[in-house]
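All of the numbers you see were taken from the coordinates with simple rules; none came from a lab. Note that the coordinates shown come from a computational prediction; the quantities given were computed from them, not determined experimentally. Don't worry about glycine lacking a Cβ; one is built from the backbone with ideal geometry, like all the others, and counts go over all protein chains shown.
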Amino acid sequence: MIGKWNKSVILSYIGAAFGVLGIFLAIREFDIKYSIVCLIVCGICDLFDGTVARMCKRTKEEKEFGIELDALIDVLNFVALPLVILLSLGLSTKYHLAIYILYAIFGIARVGYFNIKLENSDKPVKYYEGMPLTYAAFFFPIVYLLSYVIDKSLFNIIYTITTCVIGLLYIIRVKVPKPGKILSIIFLLLAIIIIPLYLFIV
């Protein structure tokens, strides 16, 4: 079979599955909160898939495949899924279209640039240039909570601005620390708090 199908990439594939599920739920007009939850799960999978992969014995080809796989899944989960969520909210004017195009281009450019830097560096990455796409899985859900407490028209403006800011952070040359064990655990704890909030409270 083409591709790699061992345990080193299983968490990456699980993340991709939740990305597709989130898109499906949004398109089929289920409550958008379920797509938001899928986005959070995608973020958690992306945070820990590298840890899982490093625990496995891998060939050079398997390592290279994992890098490419991670990049492609990032585009699905943190570019395509957020845009489908935005469209499902009814934000579909020509101004929104321009924002979505830029967001997609910035996200894709961020992934391509990161892969080049990774290929040309033998040292472990301590800082990222620009915000990783994964962070979208935390910023979008947190901001979306505002939809339950403020006027819809105001929320739509805030959510649109959030999309612009996140897109710009992908390409602005700012150093972002690579999540270590402590930060990854903090993100995981946040997800454990936010997911039940979406599923059972709001």
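Key figures for this structure:
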quantity: Gain on full stretching of the segment that runs from Thr93 to Tyr13 - 0.36 nm per residue minus C-alpha separation; calculated: 25.4 nm
quantity: Pair-distance profile P(r), taking every C-alpha pair of region 90-202, with 5 angstrom steps and integer %; calculated: 2, 10, 17, 18, 18, 16, 11, 5, 2, 1, 0
quantity: Per residue, the convex hull volume that the Cα atoms of the chain enclose (Å³); calculated: 130
quantity: Packing-based order for 6-13, 36-43, using average beta carbon neighbours within 10 Å, highest first; calculated: 36-43, 6-13
quantity: Folded to 0 to 90 degrees: helix 32-54 orientation relative to the chain principal axis, Cα; calculated: 10
quantity: Whole-angstrom Cα spans of region 1-111 along principal axes, big to small; calculated: 49, 28, 25
